[in-house]
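Encoded as structure tokens, the structure appears first; notes follow it.
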Amino acid sequence: MDNNLKTIIEKRIAKTIRNLEKNNMQACYVESRADAVNKVRELMSEGQTVAVGGSMTLYECGVIDLLRSGRYRFLDRYEEGLSRDEVEKIFRESFFVDTYISSTNAITENGELYNVDGNSNRVAAICYGPKSVIIIAGYNKIVSDIDEAVDRVKRTAAPANAVRLSCDTYCSEKGECMSLARGETGMACGCSSPARICCNYVVSGYQRVKDRIKVIIVGEQLGY
């Protein structure tokens with residue numbers, strides 16, 4: 001990366017971290033995806049029960065490989081051969097784990113996490129249940145404010161995830177949310193497809209339980 005661009009990005013990251021900390025979330029910056037895995041290892045103890053939210057970032061970083069190493073009791077939603085009922089059981093058991101690991105759809109420079117979910121097991125666990133929540137995000141997830149976060153999901157995160165999950169939605173076909181084509185500005189505006197992945201919208205601001213949520217910002221572009 002060009003050093004001048006890196007300097008600007010790191011300034012945005014530093015501002016974001018300061019505001020996450022003001023919102024009672026622990027936050028740090030690591031330069032690489034390998035460093036992110038090492039940080040996750042630092043934040044957990046061997047033998048802990050761990051679950052994850054659906055995330056390309058966790059695969060790209062190597063976090064899934066870490067969790068499958070045998071050091072942890074991993075409730076592996078991605079294990080081959082699981083039935084839908086077995087996956088749903090893992091989703092429910094995830095509320096009682098020691099550590100829940102996920103990415104986020106966006107992080108604002110004001111120190112807020114913005115997440116949109118279809119099944120909503122991910123946003124539910126971020127909000128309540130697991131003793132500790134670790135969020136890993138590339139710097140590409142940083143936005144100025146909630147309005148930009150909403151736009152990011154409609155133009156990038158939701159369409160890409162809809163394609164990844166083979167969802168028959170407007171955004172997977174056209175590459176953006178239907179609401180943008182219609183000129184609708186509401187956060188929850190969108191299609192009425194049974195396969196819609198944008199059903200519940202959560203902004204995580206100031207936290208009552210200090211440092212329950214731990215945010216690792218990575219100096220690489222990761223996920224959608």
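Need one number: nm distance between label points at Ile8 and Tyr128, each 7 Å from Cα along Cα→Cβ, rounded to one decimal.
Once both label points are built, they end up 4.2 nm from each other.
Considering amide H positions built from the backbone, and no H for Pro or chain starts, which residues 5 or more places from Ile142, or on another chain, come under 5 Å of its amide H?
For Ile142, whose amide H was placed from the backbone, the distant partners under 5 Å are Ile107.
How far, in nm, would the chain grow between Glu31 and Asp211 when pulled straight, counting 0.36 nm per residue and subtracting the alpha carbon separation?
62.7 nm
In what order do Tyr72, Tyr206, Tyr59 fall by count of nearby beta-carbon atoms within 10 Å, going from fewest to most?
Tyr206, Tyr59, Tyr72
About the Cα centre of the chain, what is the dipole size in debye to 20, counting +1 per Lys and Arg Cβ and -1 per Asp and Glu Cβ, all else neutral?
440
Which option, (i) 1.00; (ii) 1.16; (iii) 0.95, is the value of Rg/Rh (Cα atoms, Kirkwood Rh) that was calculated from these coordinates?
(iii)
Just grab the label-to-label distance for Glu173 and Glu42, each label 7 Å out from Cα along the Cβ direction, in nm (one decimal).
Those two pseudo-labels are separated by 4.8 nm.
State whether the range 47-89 is rounded, prolate or oblate according to the following rule on the C-alpha gyration tensor (a ≥ b ≥ c being the square roots of its eigenvalues): a/c under 1.5 gives rounded; otherwise a/b larger than b/c gives prolate, and the remaining case gives oblate.
Oblate.
Based on the mean of other Cβ atoms within 10 Å per residue, sort peptides 152-161, 137-146, 80-89 so the most packed one is first.
152-161, 137-146, 80-89
Using 0.36 nm per residue, how much length does the chain from Ser144 to Arg71 gain when fully extended, once their Cα-Cα distance is taken away?
Going from the current span to full extension adds 22.5 nm.
Quick one: length gained pulling Glu79 to Val203 fully straight, 0.36 nm per residue minus the C-alpha distance?
41.6 nm
Efficiency by 1/(1 + (r/R0)^6): what FRET value for Glu88 and Ala195, r their Cβ-Cβ distance, R0 = 22 Å, to the nearest 0.05?
Once rounded, the FRET efficiency stands at 0.80.
In debye to the nearest 20, how big a dipole does the range 1-126 give about its Cα centre with +1 on each Lys and Arg Cβ and -1 on each Asp and Glu Cβ?
Value, rounded to 20: 360 debye.
Considering only C-alpha atoms, what is the centroid distance from the range 161-186 to the range 43-82, in Å?
Comparing the Cα centres of the range 161-186 and the range 43-82, I get a distance of 29 Å.
Work out which helices of the chain, taken as complete DSSP H runs, extend at least 27 Å along their axis over the Cα atoms and score a mean Kyte-Doolittle of -1.0 or more, then list them.
Result, helices passing both filters: 3-22.
Coordinate-derived values only; no laboratory data. This structure is a prediction, so every number in the text was calculated from the model and none was measured. Counting neighbours? That spans all protein chains shown, and the Cβs are built from the backbone with ideal geometry, glycine included.
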